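Working notes for the structure below.
The values are calculated or read from the model by the stated rules, or taken from the named source; none is laboratory data. Everything numeric in this text was worked out from a predicted model, so none of it was measured. Cβ coordinates were reconstructed from backbone atoms using ideal geometry, including for glycine residues, and neighbour counts include every protein chain displayed. Ligands, DNA and RNA are excluded from the accessible area calculation, which covers all protein heavy atoms including side chains. Shrake-Rupley method; radii C 1.70, N 1.55, O 1.52, S 1.80 Å.
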Amino acid sequence: MTTSNPQQTSAYHTLDLEGVRTFIASLPSIAGRLGGTPEDWHVREVSDGNLNMVFLAEGPQGGICLKQALPHVRVDPTWKMPLDRTFFEASWLRAIFPHVPDLTTECLHFDAEQFILIVPSLSGHTVMRTALMAGQYHPAVAAQVGDFVARSTFATSLLAEPFERVMDRRICFARNQTLTRITVDLILIDPYHDHPRNHWADPQLTPIVAALRNSPSVLARIDSLRLHFLSAPQALLHGDLHTGSIMTNGTDTRIIDGEFATYGPIGFDAGLFVGNLILSFFATPDRAGQAAHLDMIQTFWTSFTKCFLDLWQNREWAEDRSTLYYATTDKSTQNFEKSLFIQNIFQDMLGFCATEIIRRLVGYAHIADFSVLTDQPTRTTRQKAALLFAKDCLEQKKPLKSLADFLELLYQNLSTP
Ligand code: SR1
Ligand code: MG
């Protein structure tokens, strides 16, 4: 297969099922994981996301997951795209895996010619969004995601490493510009303007979209969030931390699909995750399920802050003094500065959470959550409520200073028709 894509070598070709079998057979360490002979392997395509081809291969001894970038968006072949996203996903895994080996998958192999990434398969795990839509709420998962965000961001930030290492990694991930462009356009620009990619199911949402676009404070906040996203390289982000990027069996949870990885504000990852929990909250029919969502948001935030601050607290000494921040100041200054740092992440989280809610309802790449509400008027009412909640978060006419304020606003919007 040849295209005019400059990154694409003539050797690149998109694999089919037999191609996957042959490719794995050429890699002794991967073939050894599966066991048996290539004829014994069960290979199937499980592509689900918007961008790539994904295959699972299972043998008598184990399984792997193989992901290959396409020269276009998988769900829209007219949207051409370079292939390098699997390189960035492999690089992200290699950077964070030592810090979160229990919460993501190991990069077993990356092929720079075929843009193929191989990781262990997660059979027995379910996509978190699918579990939520089935009413399966595992309290441990939100805590694990909080730990994941804390450990992966802390470890790749200036708080943990000499600035030279952080800057080298920033240089690497600053090249992930194709997917960063998608994030900037789809989340932080398009929904606030007319754009052919925007769409929404029910015309009853149109007045709310107009209200978002006509609100000076919303537009100013969106510009501030975009500026912040692009100019605050605090830590290596997952970059697309929605509930479809999380797989769990209720006890074991793995964060996958880090192809959007880039340096940015920590509140972006937190905001996307919480935004998706809130979308699921508004799509949940019953009170008990809704309460479980509030618990998950609280658990996530508590676990994130505790884990992040514990990691910071433990950095009292380092040979390289440039990596120590507020370690030797008096206790009350130290507590003040650290709590200010967390407060800023909290405010970023609220902002990015709102942008994620808006883009998933009226931008591109909608989510399936609301399909569980089979009654159309109820579905529309809930989508309107979610959008209005997001608008309130961006405008903050009444300041949201704490998680309690945030959760109260959430309940208010659920009960206001
Ligand atoms: C063209 S990519 C659209 C969306 O899919 C990915 O999962 C990201 O969420 C991206 O914004
Ligand atoms: Mg993805």
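Structure summary
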{"read-out": "Contacts under 7 angstrom Cβ, first residue in the range 365-388 being more than 29 Å from Trp79 (Cβ to Cβ) and open to solvent by less than 20 Å² (accessible area, probe 1.4 Å), partner within 16 Å of ligand 2 (Cβ to nearest atom) and in a helix (DSSP H, G or I), 6 or more apart", "value": "none"}
{"read-out": "Thr22 being of a type in the set (S, T, N, Q), open to solvent by 50 Å² or more (accessible area, probe 1.4 Å) and assigned to a strand (DSSP E or B)", "value": "no"}
{"read-out": "Tabulated pairs, the range 286-309, first among the basic types (Lys, Arg), second open to solvent by less than 20 Å² (accessible area, probe 1.4 Å) and modelled with pLDDT of 95 or more, C-beta under 9 angstrom, 6+ apart or interchain", "value": "Lys306/Gly146; Lys306/Ala150"}
{"read-out": "Among the residues listed as Gly258, Gly271, the single one being among the small types (Gly, Ala, Ser), within 16 Å of ligand 2 (Cβ to nearest atom) and touching a residue at least 60 places away in the same chain (Cβ under 8 Å)", "value": "Gly258"}
{"read-out": "Matching residues, the range 342-360, being touching a Leu at 6+ places or on another chain (Cβ under 8 Å) and open to solvent by less than 10 Å² (accessible area, probe 1.4 Å)", "value": "Phe346, Leu350, Gly351, Phe352, Cys353, Ala354, Thr355, Glu356, Ile357, Ile358"}
{"read-out": "Some residue of the range 322-341 being surrounded by 12 or more Cβ atoms within 10 Å (Cβ to Cβ) and charged (D, E, K, R)", "value": "yes"}
{"read-out": "Residue list for the range 33-68, filter: without any contact (Cβ under 8 Å) to a residue 60 or more places away in the chain, in a strand (DSSP E or B) and either within 16 Å of ligand 2 (Cβ to nearest atom) or open to solvent by 20 Å² or more (accessible area, probe 1.4 Å) (or both)", "value": "His42, Arg44, Glu45, Met53, Val54, Phe55, Cys65, Leu66, Lys67, Gln68"}
{"read-out": "Given (1) within 16 Å of ligand 1 (Cβ to nearest atom); (2) out of contact with any strand residue (DSSP E or B) (no Cβ under 6 Å at 6 or more places or on another chain); (3) in a helix (DSSP H, G or I), number of the condition Pro77 does not satisfy", "value": "(3)"}
{"read-out": "Where Thr302 falls short, out of the listed (1) in contact with a helix residue (DSSP H, G or I) (Cβ under 8 Å, 6 or more places away or on another chain); (2) more than 19 Å from Val100 (Cβ to Cβ)", "value": "(2)"}
{"read-out": "Pair list, Cβ < 7 Å and 6+ apart or interchain, from the range 197-215 residues that are without any contact (Cβ under 8 Å) to a residue 60 or more places away in the chain to residues that are part of a helix (DSSP H, G or I) and of a type outside the set (Asp, Glu)", "value": "Arg213/Tyr192"}
{"read-out": "Failed item in (1) outside any helix (DSSP H, G or I); (2) within 15 Å of ligand 1 (Cβ to nearest atom); (3) farther than 30 Å from Gly36 by Cα, with Trp92 passing the rest", "value": "(1)"}
{"read-out": "Within the range 58-80, tally of residues that are farther than 22 Å from Trp41 by Cβ and under 20 Å from the mean Cα position of the chain (by Cα)", "value": "4"}
{"read-out": "Hits in the range 167-184 - residues which are away from ligand 2 (no atom under 16 Å from the Cβ) and in contact (Cβ under 8 Å) with a residue 12 or more places away in the chain", "value": "Arg169, Arg170, Cys172, Phe173, Ala174, Arg175, Val184"}
{"read-out": "Number of positions in the range 392-416 that are aromatic (Phe, Trp, Tyr) and not in a helix (DSSP H, G or I)", "value": "0"}
{"read-out": "Failed condition for Thr206, given (1) within 19 Å of Arg360 (Cβ to Cβ); (2) among the polar types (S, T, N, Q); (3) within 18 Å of the chain's Cα centre (by Cα)", "value": "(3)"}
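Every residue, every condition in (1) within 30 Å of Arg165 (Cβ to Cβ); (2) of a type in the set (A, V, I, L, M), yes or no:
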site	(1), (2)
Val274	yes, yes
Ala283	no, yes
Gly289	no, no
His293	no, no
Gln298	no, no
Ser303	yes, no
Leu311	yes, yes
Ser322	yes, no
